[in-house]
Amino acid sequence: MLHFNTIPEDYVKKTAQCAQLALGCSRAAHQTALRGAATPAQLASLTPKVRAFVERSAALCQPDHVHVCDGSEAEADALLQFMQKQGTLKSLKQYDNCWLARTDPADVARVESRTFICSENERDVVPAARIGQKSALGNYIAPSDYENAVADRFPGCMKGRTMYVIPFSMGPVGSPLSKIGVELTDSPYVVYSMRVMTRIGSKVLEALRQDETFVKCLHAVGHAGVPGWPCDPQRTIILHKPADDEIVSFGSGYGGNSLLGKKCFALRLGSVIARREGWLAEHMLIVGITNPQGRKRYIAAAFPSACGKTNLAMMTPTLPGYKVECVGDDIAWMKFDKNGVLRAINPENGFFGVAPGTSEATNPIAMSTIFRNTVFTNVAETEEGGVWWEGMGRAPAKLTDWKGQAWTPESKTPAAHPNSRFCTPADQCPIIDSEWESAEGVPISAILLGGRRPAGVPLVVEARDWKHGVFMGASMRSESTAAAEHSGKVVMNDPFAMRPFFGYNFGEYLKHWLSMPQAGRKMPKIFHVNWFRKNDEGKFLWPGFGDNSRVLDWVLRRCDNEPCYTETPLGYVPREGDLNTQDLGPIDMNTLFSIPKDFWLQEADAIGKYFKEEVGSDLPKEMWDELETLRKKVKSS
Ligand code: GTP
Ligand code: SPV
Ligand code: MN
C-alpha cells in the first residue's frame, strides 16, 4: 500500500476554489487563459474512485492548484501559452501550430535501469534464473522499497505547481478492447503530449461513469533540471504495480518515462492484463496492405525501439499496384474474436516517432504528416523557424542544435539528438487506415519479428509453425539504439522487441504465447525479417523502406499458401526468383540470404546461454526443443 495521507479538509476547500483552473501562473492569468474550463463542479463530477485518487495524490504532492483536463481547444491554447512563457516550448514559425521543446540534455530517452515492476513475489517479475540478481528482462522492486521510493520523492513535490488530472483512453473511447487511465502530472508538456498520443478529457470521464475501472498513473518531474525543463535525472524512477493497476513515475519528463499511457500502461501493465484476460499487448505496428488484385490484409510487426516500425507502418511501396495503410506504429493490442480471428487495435492516438532518418526519400508519408499540430523535441532549428535532423537532407549552413547552441555542417556533434522525436496526431497521416479506430480491431494475417542484425541473419524467414515462431521471438537480438540509455552499437537480446516492456516473468510470457493456438482459431503465420544486414564495407545489402514491400508481397503470397519457398535450417525462405526484385538494380541476394554455418552454431550457443542464464527453469520446454532442432538442422546443413 502506498502511504498517501488523507486529504485535509481545508485542502479540499482550497482545491475547490482554485479549480477554476490553474496553470501554475498567477491566478488571474490562468483564469483568463482557461475561462470556461474546469470548475468546482467538474472536480465534484469525478467518479468517487478518480476523486479519491486525485485527493490522496494532491495531499501527497501538495500542488498549488488542481486542474481537471477537459481536452478542449481552449485548454490546449492555454497550455501552449503557459509553456511558451515558461520557456518549455518555442513556436516553429515555418509551420502551422508546431512547437519545439529542448529537454535537459540529461533527460533524452527511456531509462531502463531505473524502471521497475513491483509484486509480492520476485518470481512474478523475474525469471527463475535471476532471482535475487539483476535481470536483463525487467527490474524487480519489493513492495516496501516501492513505498520508500515514493515516500522519498513525492511528498510536496508539486509545491508551487499545478497538478493536472488527465483522464485518458487507450483505444477508441467505448471500444470493448480499450482501457482507461488517469494520469496526474505537474508537466504541461506531458498534458499536451498526452492529448496527442491518447484520447483525453470529458468524454473519457463520461465513459468512467459507466465503468469505474482505470489505471492510476502518478507522474512528477521533480525540481532539478534546466530552465523550461524541470526534471531530476539523479532521482528518476519509473514504478509499476500491476496488482494495484498503478504506475508512479518521477524525475523525467520525456517519452515513455512520462507519457504513462504508452510503454508503462499499454505494454507493461497491458501485458499483465492481457495475460489475465487471454489476449496480447505487444510492441508492434499494425499496417493494412492491399495487393494489386485488390485484396487487403493486415499484418503486425514487432521491431525493437528505433528499428523501423514507424517506417514500415507508413511505407510507400515501390512494387506497382500495392497500397499500404497505417493503423498504428508502435503498440498493438490483439485478441482472438469469437470466430477465431486475431484482431488488433492501436491503443494510441498519435505517433511519437524517431525524427533522425525521416526524409522525403525514406518516409514521405511521415513528412506529409508532421508539419502541422506537432511537438518536436530535441531536433535542430533552422534560422527560418523550421526543423532539421540528420538524414533529412542537406544540412543548412547555420542551425541551432538540440542543446540550443549554434551549429554548422562542420560541427563534430549531431545537430539533432539521435532519439529526437515528433509527437503528431495519427489522424493527420494521409494513409491512415479507414478502420484504424474500428472498435473490434482489424484482422491480422501475419506477424513479423525483426531487428537490426548487421551479420548472419537473412532478409526474411518464415517460421515452420506457431511454436517455431514463438522461438524466433524468444531468440530475437538487435543492435542497441538511442531510444534508451544504452551506449554503443552492441547486439543485445530483445525478445519480441519487448525486453524493456515486459510486465511479468518472460518465461510465463512465452507460455502465454504458446497457449494461443486453440481449436477454431486461425493462427497468423510468423516471419522474421532483417532490413539491416551489411556487406564487408559496412553498407546495407538491402535498400529497405519502400522496397520492403517486396518482402511483404512474399509474406502475403505465403499467407495464401503459394509454394514460393524453400526450406532452410532457419525456416522457409524465398527460392531464387520468388522475391520480386524487378527494377531494383543489382542486389547481392546470395549474401542477403546466406546462412553461415559457423555464425549460426555460435548464435545457437548464444541463445542457449541466454535462455539458461536469464530464464532458467521458467523457460517452456518447447523453447529448448526448438533450439535443439535449430542446432541439428544447422549442423547437418
Ligand atoms: P520506436 O518508436 O523507438 O519504437 O521505433 P520504430 O521501430 O518506430 O523506429 P523507426 O521506424 O522510427 O526507425 C528508426 C530508424 O530506422 C530511422 O532512422 C529510420 O530511418 C531507420 N529505418 C527504418 N526502416 C529502415 C529500413 O528499411 N532500412 C534502413 N536501412 N533503415 C531503416
Ligand atoms: C520506444 O523507445 O520504443 C519508443 C519511444 O517508442 S518511448 O515512448 O520513449 O518509449
Ligand atoms: Mn516503441
P(r) over all Cα-Cα pairs of the stretch 40-121, 10 Å bins from 0 to the longest distance, whole percent per bin, short to long, reads 12, 26, 34, 24, 4, 0
For the stretch 219-259, what % of the accessible area comes from carbon and sulfur atoms, probe 1.4 Å? 55
Note on the stretch 255-386: contact order normalised by length, alpha-carbon pairs under 8 Å, 6 or more apart, percent, works out to 21
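Note down the magnitude of the dipole of the stretch 92-223 about its Cα centre, charges +1 on Lys and Arg C-beta and -1 on Asp and Glu C-beta and zero elsewhere, to the nearest 20 debye.
In debye, rounded to 20, the stretch 92-223 gives about 380.
Taking only the Cα atoms of the stretch 102-158, how large is their convex hull per residue, in Å³?
In the stretch 102-158, the Cα hull volume divided by residue count equals 107 Å³.
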Mind putting together the pair-distance distribution for the stretch 433-492? All Cα pairs, 10 Å bins, whole percent per bin, short to long. 17, 35, 29, 19, 1
How would Y95, Y164 line up by accessible area, probe 1.4 Å, largest first? Y95, Y164
Expressed as a rounded percentage, what relative contact order does the chain have, with Cα pairs under 8 Å and six or more residues apart? 14
With every protein chain kept in place and a 1.4 Å probe, the chain has an accessible area per residue in Å² of 37
Peptide ranges 145-155, 574-584, 548-558 listed from the most packed, as the mean C-beta count within 10 angstrom indicates: 548-558, 145-155, 574-584
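Calculate the dipole size of the chain relative to its Cα centre from +1 charges on Lys and Arg beta carbons and -1 charges on Asp and Glu beta carbons; express the result in debye to the nearest 20.
Value, rounded to 20: 300 debye.
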Please work out the C-alpha center-to-center distance from the stretch 373-440 to the stretch 300-340 and express it in whole Å. 22
What is the ratio of the Cα radius of gyration of the stretch 198-313 to 2.2 N^0.38 Å, with N the residue count, to two decimals? 1.34
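Suppose we keep just the DSSP beta bridges with both residues in the chain; what percent of those would be antiparallel, to 5?
The antiparallel fraction comes to roughly 65 percent.
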Highest to lowest packing among 260-273, 594-607, scored as the average C-beta count within 10 Å: 260-273, 594-607
Using the Cα centre of the stretch 398-437 as the reference point, and only Cβ charges (+1 on K/R, -1 on D/E), how large is the resulting charge dipole? Debye, rounded to the nearest 20. 520
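Summing -39500 (n - 2.57) over the DSSP H runs of n ≥ 4 in the chain and dividing by its residue number, what mean residue ellipticity at 222 nm do you reach, to the nearest 500 deg cm²/dmol?
Working: 18 runs with 164 residues, N = 637.
That comes out to -7500 deg cm²/dmol.
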With unit charges on the beta carbons (Lys and Arg positive, Asp and Glu negative) and the dipole taken about the Cα centre of the stretch 199-291, which residue among I237, F214, V272 sits farthest to the positive side? I237
Considering the dipole of the stretch 473-619 built from charges on the beta carbon (Lys and Arg +1, Asp and Glu -1) around the Cα centre, which of V491, T568, S515 is farthest to its positive end? S515
How far is helix 549-559 tilted, in degrees, relative to the longest principal axis of the Cα atoms in the chain, given as a value from 0 to 90 rounded to the nearest 10? 70
Accessible carbon and sulfur surface of the stretch 402-516 relative to its total accessible area, %, 1.4 Å: 51
For the chain, alpha-carbon Rg and Dmax in angstrom: 24.3, 78
List the chymotrypsin sites (Phe, Trp or Tyr not before Pro) within the stretch 339-389 that fall in a DSSP loop (any state other than H, G, I, E or B) and whose Cβ has at most 12 other Cβ atoms within 10 Å. none
Just from the alpha-carbon atoms, what are the Rg and Dmax of the stretch 385-509 in angstroms? 19.7, 55
Over 18 Å [Cα-Cα, the stretch 551-595], rounded percent: 28
Which of the peptides 297-306, 222-231, 239-248 is most tightly packed, and how do the rest follow, judged by the mean count of other Cβ atoms within 10 Å per residue? 297-306, 239-248, 222-231
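The values are calculated or read from the model by the stated rules, or taken from the named source; none is laboratory data. Every value quoted in this text rests on a predicted model; they were computed, and no experiment measured them. Here Cβ is always computed from backbone atoms with ideal geometry, including for glycine, and neighbour counts include all displayed protein chains. Only protein heavy atoms, including side chains, enter the accessible area calculation; ligands, DNA and RNA are left aside. Shrake-Rupley method; radii C 1.70, N 1.55, O 1.52, S 1.80 Å.
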